[in-house]
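Read-outs throughout are calculated quantities, based only on the coordinates presented, and are distinct from any laboratory measurement. If you're wondering where the values come from, they're calculated on a predicted model, not measured in any experiment. Neighbour counts run over all protein chains shown; Cβ positions are idealised from the backbone, glycine included.
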Amino acid sequence: MPTQWNVDDLEIVGYGNVLNHDMLPSVVPPVYRLSDDPKRALLPPYFFNASLLCNATEVSQSELEILRDSNEVTLFDDVFAAHAGFELWIDQDFQRHYQPRDEANRELSRIAAEAIENATEALHRGNLEEAQRLSGVAISADDTKLEPLAIKAAIRRLQGNSAGERLMAELAAPVLEERLFTLLVDNYCRGSACREPAEEPPSPAPHRPMLGVACLRPAA
């Protein structure tokens, strides 16, 4: 059996997980099928080598339907052509988007930045529940950003949850040392107490502290 396929010879029938509202927006790994043999589906995990899909797991149509019925994959009502260098992602209304990777990354980064701004405003108003929700949106949209972890840590500090605050610091540790992360959290907490905008945080390295994906993607 082949272990690689040309992406342009494939169609997308769904994606390799099942999402709920708390996971949106989210980049998802497509479930493919062969254009010239629709009964052969290809599942993650896999990786890409230029325009080739490599090391996917091949299943039959009946096996794919079993996976759908057991809530292990999501299938679309229709299918569409696959393209090399494109990203599949699902927005907060469960609408799918299939775009060139750079374009998708820009849109998700915009969503994350907007969510961070709104989360900060909610924190300043004392609406911790909304700040928590929006910081989760930011992490889902762009897991390279550090600010959502700091906002979550500030929320936990204001709630008296020291263990939760430490967990956020541990998640941020590969990007920012604990001392600097604590200063950032201090700043968000002061902003919350005084209802003043938080200062611009230090720019983190392009590391993904919340990374957990079903397929490997080339760097944008």
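Quick notes
- Relative packing of peptides 182-190, 142-150 - highest average C-beta neighbours within 10 Å first: 142-150, 182-190
- Computed from point charges on the beta carbon alone (+1 for Lys and Arg, -1 for Asp and Glu), the dipole magnitude for the chain about its Cα centre is near 640 Debye.
- Between Leu180, Gln61, Ala131, the Cα set farthest toward the positive side of the dipole of the chain (charges on each charged residue's Cβ, about the Cα centre) is that of Leu180.
- Sorting 84-91, 174-181, 25-32 by their mean Cβ neighbour count within 10 Å, with the most densely packed peptide first, gives 25-32, 84-91, 174-181.
- Two-site label geometry, Asn6 and His83: point separation in nm, points 7 Å out along Cα→Cβ: 1.7
- The Cβ shell under 10 Å around Met168 holds other residues with a net charge of +2, Lys and Arg each +1, Asp and Glu each -1.
- DSSP-defined antiparallel bridges as percent of all bridges, the range 24-64, nearest 5: 100
- Net length gained if the chain between Glu129 and Asp37 were fully extended (0.36 nm per residue, minus Cα distance): 28.3 nm
- Hull-based mean projected area of the range 70-169, where the convex hull spans the alpha carbons, in square nanometres: 8.4
- Förster-model FRET efficiency, 25 Å R0, Asp22 and Ala50, C-beta, rounded to 0.05: 0.10
- Where only DSSP H runs of four or more residues are counted, the chain gives -13000 deg cm²/dmol as its mean residue ellipticity at 222 nm, each run worth -39500 (n - 2.57).
- Pairwise label distance in nanometres, Glu58 with Asn161, each label 7 Å out on the Cα-Cβ vector: 4.7
- Note on Glu72 and Arg96: their simple-model spin labels are 2.0 nm apart, each label 7 Å out from Cα toward Cβ.
- Correct choice for semi-axes √(5λ) of the Cα gyration tensor in Å that was computed from the model, options (i) 39, 17, 15; (ii) 59, 15, 13; (iii) 35, 21, 16: (i)
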